[in-house]
Each structure stands twice: as C-alpha cells, then as structure tokens.
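Enquirer: Handing you a structure now.
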Amino acid sequence: MDLKEFLAEWHNDSPTILVHTSGSTGKPKPMLVEKRRMEASARITCQFLGLKEGDTALLCMPLDYIAGKMMVVRSLTCGLRLIAVEPTGTPYWDEPVDFAAMVPLQVWNLLQEEEGRSRLRRIRHLIVGGGAINDELADALKDFPNQIYSTYGMTETLSHIALRRLNGPERSDWYTPFEGVSVSLNDEGCLVINAPAVHDGPLVTNDIAELSPPFSLLPPLNFRILGRKDNVICSGGVKIQIEEVERFLSPHLSVPFMITKAPDVKLGEQVVLLTESPDIDTIRQCCQTILPKYWQPRHYLHVAHLPLTETGKPARVEAERIARSAPSLR
C-alpha cells in the first residue's frame, strides 16, 4: 500500500480500517479497527512527547502494518508535517525532523555510518519498536543527545501504549504507560492492559511481565517484559524463557542466532539453537561457558537464514517447525 491509497481509505465513509498483525507468533491476522480509536491513540502519543502542530514527522516504515499507518494518522490528527521516504532497511532523509518511528534493524543500519548516525541525532523524538532491542543496540544509543524511546504495544492496541527511554539520565528497563492506560498481571504472570481509548475491555497479552512497584494496587504502574508465555521451554521440569537465554548470549555471540525448542522423549522439550554460522563448535563452546547447565542447547542447527517476519521480528513458530523437522532431532 502506498500513501495515496491509505489516504483514500482513511477519508472514505467507512468508520474502520483493515490492518494485519505482525505474525511474530503465527500467521498474520486481519483486523478491522475503528478510525476514532486510531485518532485517540495518535493524540495520546503526541501529548506524551509534547509534539505540536507544524512539527515534522518522518514516515519511513511500510503502510502495510499498524506502525506505518499510525505515523500518518498522527500527522493528520495533530497537524504534523509528514515527510514520507522509501521504507528501506536504511532510510534516507535530508532535513531535521521532530518525530520518527523505526524498527531496530533500521536504527542499527543507520548506526553503521557516520552520516546515518548524524541523521539519527537530528531526530528530536525517535521511537523504536516492532522488535526486540538488544543490549548492543541500546548501548550504542545511550549517549545520543536527543530523546529515544523503546515502544511497547501491538496491533490490538493500535501501536504502542507505553514507552521507555533508551538514552540519557532517564534511561530505563521499565515502560511507562500513557495517561489513561493501566496494567496488571493475571494468575499466569502475563500483562493485562486496560486502555479504554484504544481497546474495548481488558487485553490479556502473552507477555510475562513484572510490575513496579510490585505490590501497589494503585496506578500508574511501570512494567518490564521478561518474555512471552508461549516462548517457554519446559525441559526436565525446568522452565526456560527463550528471550532470557537470547539476552544472555547476545553480548557473546557476534553471529545471527535464535533459540527455539523441540520435543524430547526424556526431558519433554529441549533447547535448540539455530544459527547462520557454520562454526557450530565455537558457538557450542560459548554456550557451555556462558549459560547455566539447564539452559544449554542440546542441538545446534545451521540454517541459511533465520526465520523472520516481514517486520523483522523472530518468526518463532517457523523456528520451532525447523527444529522439529531437522533429521538429527527426529
């Protein structure tokens, strides 16, 4: 979809717009969302960041997903001047902007060159979402002079409902919900979002979270994400969070890798590591040195390309399918 097509859809008589989920844990699903709720989400973000009419907004993400659509809606709703550029892995624009949204891959690519780093510094407010922000990326951004945030949200919440700072003295691992948004945990430790402006009723997520302060009954509560409920490996009675293993390994492995799982007759499930590197012995040695015994992969699989969604997130279902179908694990 291009900008002209989206604007035509936005201005038609229908009160809803069709969007698709990202597909990080399965096939992308179509959803009809109300335009009035998208406008409400746009106003909340602009208010949080202090954006005002006439400020410039950079659109460098595809309009096929909610993140790109919401950049346009924020501009329309709050009177921002939209600058649209080609949504590539390394976007290019030639003027300072007040507000931009990018996925981690775009930010990482821009950081590799001085000109890209210079352009990033000229964004007054940068929000980064649509994928995990690893320690290396966060560390590269921590001393930037502008305001850079990680977002938390999903298609169902019409993009993000909370932000956390990635740089400066306000840098934090904890997300701050927007005004009018409250969070809690269910009996399984999963985050429950109450955001009436953008979603009808409480939204139970699959994200295992921690609240701060942990025992307060009064909002606002900050939160941090520990991993996804469906990304837990139950191996020999030990519950292993996939994302936590990846976070432990990321500073020590410079090659692309993913953690997934496969059935095991004795343990129930086993940890499996997928990598694009053929140097399995070095990776195994690193895992045996860094990881606790029960977290160490029992199998290492070399793949040509790690499975990713169209938005660059790990495609967890496909990764598990690859592990299950590997001849060595059958």
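Enquirer: Report in % the part of the accessible area of the chain that belongs to carbon and sulfur, leaving out ligands and nucleic acids; probe 1.4 Å. Display every interim value, and only then the final one.
Expert: Values: 8570 of 16520 Å².
The nonpolar share, carbon plus sulfur, comes to 52 percent.
Enquirer: Further question: What are the residues whose amide H is under 5 Å from the amide H of Arg124, where those residues sit 5 or more places off or on another chain and H is modelled from the backbone?
Expert: Here the answer is Val97, Asp98, Phe99, since their amide H atoms fall under 5 Å of that of Arg124.
Enquirer: Rg/Rh for region 91-201: what does it come to with C-alpha atoms and Rh from Kirkwood?
Expert: Details: Rg = 15.3 Å, Rh = 15.1 Å.
In region 91-201, Rg relative to Rh is 1.01.
Enquirer: Between His125, His160, His11, find the one with the highest GNM mean-square fluctuation for the chain; connect C-alpha pairs within less than 10 Å.
Expert: For the chain, modelled as a Gaussian network with Cα springs under 10 Å, the answer is His11.
Enquirer: At a Cα cut-off below 20 Å, give the aspartates and glutamates reachable from Lys239, other chains included and same-chain residues fewer than 8 away excluded.
Expert: Lys239 reaches Asp187, Glu188, Asp207, Glu210, Asp230, Asp264, Glu269, Glu320.
Enquirer: Could I ask something else about it? For region 232-330, what is the percent of antiparallel DSSP beta bridges, rounded to the nearest 5?
Expert: 80 percent
Enquirer: Given the chain, what percent of its DSSP beta bridges are antiparallel, to the nearest 5?
Expert: 70 percent
Enquirer: Quick one: what are the phi-derived ³J(HN,Hα) couplings along region 307-320, Karplus 6.51/-1.76/1.60 with θ = phi - 60°, whole Hz, x for glycine and proline?
Expert: Values, residue by residue: x, 10, 7, 5, 9, x, 7, x, 8, 5, 5, 5, 4, 5 Hz.
Enquirer: Along region 226-231, what does the Karplus equation 6.51 cos²θ - 1.76 cosθ + 1.60 (θ = phi - 60°) give for ³J(HN,Hα), rounded to whole Hz, x for Gly and Pro?
Expert: Calculated HN-Hα couplings, in order: 9, x, 9, 4, 7, 10 Hz.
Enquirer: Let me ask something else. Nearest 10 degrees, 0 to 90: what angle lies between the long axis of helix 66-78 and the longest principal axis of the chain (Cα atoms)?
Expert: 20 degrees
Enquirer: So how long is each side of region 166-302 along the principal axes, counting just the alpha-carbon atoms, biggest first, in Å?
Expert: Ordered largest first, region 166-302 gives principal extents of 51, 40, 26 Å.
Enquirer: Also: Just to be sure I understand: with springs between alpha-carbon atoms less than 10 Å apart, which residue in Leu226, Leu267, Leu126 has the highest mean-square fluctuation in the Gaussian network model of the chain?
Expert: Between Leu226, Leu267, Leu126, it is Leu267 that shows the largest mean-square fluctuation.
Enquirer: Taking amide H positions as placed in the peptide plane 1.01 Å from N, state which residues far from Tyr175 in sequence (5 or more) or on other chains have amide H under 5 Å from it.
Expert: When sequence neighbours closer than 5 places are left aside, the close amide H contacts are Phe223, Arg224.
Enquirer: Using only the C-alpha atoms of the chain, find the volume of their convex hull and express it per residue in Å³.
Expert: That works out to 149 Å³ per residue.
Enquirer: List the Cys residues of the chain that have no partner Cys with a C-beta closer than 4.7 Å.
Expert: Cys60, Cys190, Cys234, Cys286, Cys287 - these cysteines have no disulfide-compatible partner (Cβ-Cβ under 4.7 Å) in the chain.
Enquirer: Can you work out the Karplus-derived ³J(HN,Hα) for every residue in region 104-117? Use 6.51 cos²θ - 1.76 cosθ + 1.60 with θ = phi - 60°, whole Hz, and x for glycine or proline.
Expert: The phi angles translate into x, 4, 5, 5, 4, 4, 5, 5, 6, 10, 4, 5, x, 4 Hz.
Enquirer: Hey, another quick one. Express as a percent, rounded to the nearest 5, the fraction of DSSP beta bridges in region 55-179 (both residues included) that run antiparallel.
Expert: On the way: 8 of 23 bridges.
If we restrict to bridges inside region 55-179, about 35 percent are antiparallel.
Enquirer: For helix 280-290, what angle does its Cα long axis make with the longest principal axis of the chain, in degrees from 0 to 90 and rounded to 10?
Expert: In the chain, helix 280-290 runs at an angle near 80 degrees to the longest axis.
Enquirer: Take the Cα atoms of region 41-131, find their three principal axes, and give me the spread along each one in whole Å, biggest first.
Expert: The principal-axis extents, from largest down, are 34, 25, 20 Å.
Enquirer: Determine Rg/Rh for region 244-319; Rg is computed over alpha-carbon atoms and Rh is the Kirkwood hydrodynamic estimate from the same atoms.
Expert: Working: Rg = 12.2 Å, Rh = 12.9 Å.
That ratio equals 0.95.
Enquirer: With respect to the cross-link table entries Lys142/Lys229; Lys261/Lys313; Lys29/Lys313; Lys266/Lys293, which display a Cα-Cα separation exceeding 23 Å?
Expert: Where the Cα-Cα span goes over 23 Å, the pairs concerned are Lys142/Lys229.
The values are calculated or read from the model by the stated rules, or taken from the named source; none is laboratory data. Everything quoted here is computed from the prediction, not taken from an experiment. Every residue, glycine among them, receives a Cβ derived from its backbone with ideal geometry; neighbour counts consider all protein chains shown. To get the accessible areas, we keep the full protein, side chains included, count just its heavy atoms, and leave off ligands, DNA and RNA. Shrake-Rupley method; radii C 1.70, N 1.55, O 1.52, S 1.80 Å.
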